[in-house]
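See below for the structure under consideration.
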Amino acid sequence: MKKLLVSLALVALMASTAAAQIVAIPKTTPGDSPAYNGPIHLFSLQNTKPLKPLAPIPETYLNDPSYSTFNKKGELFVGNRHGNVQGGVGSVSRFIVDNKGNFTFNGTITGNGLDAVHGVAISPKGELFAASHFTGTISRFVFDKTGMAIPNGTFETYGYPQAMAFSPEGELFIADSSYNIVRRYLLNPVTGAAIPNGEVAVIGGDGLHGLTFSAKGEMFVGSIYNDTVFRFLFDSKGTPVANGSFPASGGPIGLAFSQSGELFVTGHLGGGISRFTFDKAGNSVLKEYTPTDYLGGIAIY
């Protein structure tokens, strides 16, 4: 009986591993113009096989998209810059996407301080965080039983926030493109308040944009003006330890890990999708580079 249970568990694991993932990458254009717009490129990804293009999400549902993220249910959220126009002009588009890439537009979130939205991230509890690039405001939204977005306050950060990501431990990290610093915030387990928890200085960084974590908790940060991805480990006390860097073409703006542990990096200034594996020593290995038009942040579900 025990052998049968083990066999069934292995079959379930294999089926899960083989499931296709959905990759979402906004097309965007560097600069400030309300006329800039683009679709969301969608791909199917199965393990380490090549990306399979799917029908894109049309630009008619967007307004100068920047970064994207999925929640645990597979709903896609896309930050809209609106040409970097300020004064309360900013939004987040929502899409329900199935495992074949079919999408359903699910409305647009506005208000609550949204302004030229760049980075978006979903907390472990399912709360949406959206970064207003010029005001330094992080807007928060929870969702009711019907899925309606409910404003849940804001908090101020400094500089120009770009990408955001939660660590495996649930700590919020925000890349600041002006100071080349990644700011850290803990969320109070009772009140949910964002509590500053120090900074990570990225020595040699120039325009921090992309940000993600590996499954083991290593942080990867993209620097668009010198085509570099920086790496950081954290010791037992949470102190960041620089762990080298490697080149990534096109101005790395979006970073995301696939289920198989491959790192995908999108280019903002020159375009392109870089795909990295890691050898036994943990060194990055460029597996594939696909030239493209200008891109925004990448999300993988």
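The values are calculated or read from the model by the stated rules, or taken from the named source; none is laboratory data. These numbers were taken from a predicted model, which means no experiment stands behind them. Neighbour counts run over all protein chains shown; Cβ positions are idealised from the backbone, glycine included.
Cβ contacts < 7 Å: first residue in contact (Cβ under 8 Å) with a residue 24 or more places away in the chain, restricted to region 93-114; second residue of a type in the set (Phe, Trp, Tyr) and not in a strand (DSSP E or B), any location; separation 6+ or different chain. Result?
Qualifying pairs under 7 Å: Ser93/Tyr61; Phe105/Tyr61.
Filter region 241-250 down to the residues that are touching a residue at least 40 places away in the same chain (Cβ under 8 Å) and either surrounded by fewer than 18 Cβ atoms within 10 Å (Cβ to Cβ) or within 16 Å of the chain's Cα centre (by Cα) (or both) and list them by number.
Selection gives Ser249 alone.
Cβ-Cβ below 7 Å, separation at least six or inter-chain, first residue in region 260-274 and under 12 Å from Thr290 (Cα atoms), second among the polar types (S, T, N, Q) and part of a loop (DSSP other than H, G, I, E, B): which pairs?
As it stands, the answer is Phe264/Ser258; Gly267/Ser249; Gly270/Ser249; Gly271/Thr292; Gly272/Ser249; Gly272/Thr292; Ile273/Thr292; Ser274/Ser249, since those pairs meet every condition given.
Could you grab me the full set of residues in region 17-67 that are over 18 Å from the mean Cα position of the chain (by Cα), among the aromatic types (Phe, Trp, Tyr) and closer than 18 Å to Gln162 by Cβ?
Within region 17-67, Tyr36 is the sole residue that qualifies.
Looking only at region 206-240, filter to residues that are loosely packed, with under 14 Cβ neighbours inside 10 Å and of a type in the set (D, E, K, R); which one of those is nearest to the chain's Cα centre (by Cα)?
Lys216
Under 8 Å by Cβ, and 6 or more places apart or on different chains, what pairs join a residue from region 71-89 that is surrounded by fewer than 17 Cβ atoms within 10 Å (Cβ to Cβ) with one that is among the hydroxyl-bearing types (Ser, Thr, Tyr)?
Close Cβ pairs (under 8 Å, with a partner that is among the hydroxyl-bearing types (Ser, Thr, Tyr)) amount to Gly74/Tyr301; Gln86/Thr135.
Checking the condition assigned to a strand (DSSP E or B), surrounded by fewer than 23 Cβ atoms within 10 Å (Cβ to Cβ) and either touching a residue at least 40 places away in the same chain (Cβ under 8 Å) or touching a Phe, Trp or Tyr at 6+ places or on another chain (Cβ under 9 Å) (or both), which residue from Ser66, Ser44 passes? So that I can check it myself, show each step before the final result.
Values: Ser66 fails: surrounded by fewer than 23 Cβ atoms within 10 Å (Cβ to Cβ).
Just one listed residue meets the conditions, Ser44.
Return yes or no: is Val200 within 22 Å of Gly282 (Cβ to Cβ) and under 15 Å from the mean Cα position of the chain (by Cα)?
When the stated conditions are applied, Val200 does not pass them.
What pairs come up if the first residue lies in region 227-239 and is within 14 Å of Ser167 (Cα to Cα), the second is hydrophobic (A, V, I, L, M, F, W, C) and buried (at least 17 other Cβ atoms within 10 Å of the Cβ), and their beta carbons are under 6 Å apart, counting only those six or more places apart or on different chains?
Arg231/Phe220; Phe232/Met219
Might you let me know whether region 76-83 holds any residue that is in a helix (DSSP H, G or I), under 26 Å from Thr137 (Cα atoms) and at pLDDT below 90?
yes
Restricting attention to region 261-279, which residues are modelled with pLDDT of 95 or more and surrounded by fewer than 21 Cβ atoms within 10 Å (Cβ to Cβ)?
Selection gives Gly261, Glu262, Arg275, Thr277, Phe278, Asp279.
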